[in-house]
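Scroll down for the structure; my scribbles are underneath it.
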Amino acid sequence: MATTKNYRDFLLEQMNLLENIVCRPMMGEYLLYYNNVLFGGIYDDRLLVKIVEKNKKYAMQESIPYAGAKPMYLIEDVDNKELLRDIILDTCKDLPIKK
């Protein structure tokens, strides 16, 4: 099941506390970047972020985005804009900038 455009638009609105969020389509799903850092994606109407040391404190559930992929963290409370911002910022601190 691919992610719906309505859900993508909803999540982008929820992340509006951060400037420079870029959403790129990929095979029916979406990759998410913050300041040129690939931090996660939207898969099957779920917001997932990469697992890094700095975001372990949020005790999120691991989830597989698609068959054969590495586990990622599932952000369940997508209605909390402040929490979303904090998770994204902490995740990006441990990831490289896209060149």
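The values are calculated or read from the model by the stated rules, or taken from the named source; none is laboratory data. Values in this document were obtained by computation on a predicted structure and should not be read as measured data. Counting neighbours? That spans all protein chains shown, and the Cβs are built from the backbone with ideal geometry, glycine included. Each accessible area value is taken on the protein alone, full model and side chains, heavy atoms only, with ligands, DNA and RNA left out. Shrake-Rupley method; radii C 1.70, N 1.55, O 1.52, S 1.80 Å.
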For region 47-99: of the residues being among the polar types (S, T, N, Q) and within 20 Å of GLU29 (Cβ to Cβ), which is most open to solvent (accessible area, probe 1.4 Å)? GLN61
Residues that are open to solvent by less than 60 Å² (accessible area, probe 1.4 Å) and either more than 13 Å from the chain's Cα centre (by Cα) or among the charged types (D, E, K, R) (or both), drawn from region 8-17: ARG8
Residues in region 18-35 that are assigned to a loop (DSSP other than H, G, I, E, B), open to solvent by less than 80 Å² (accessible area, probe 1.4 Å) and hydrophobic (A, V, I, L, M, F, W, C): how many? 1
Strands (runs of 3 or more DSSP E) fully within region 36-99 counting 2 or more residues that are farther than 16 Å from ILE21 by Cα and modelled with pLDDT of 95 or more: 61-63, 72-75
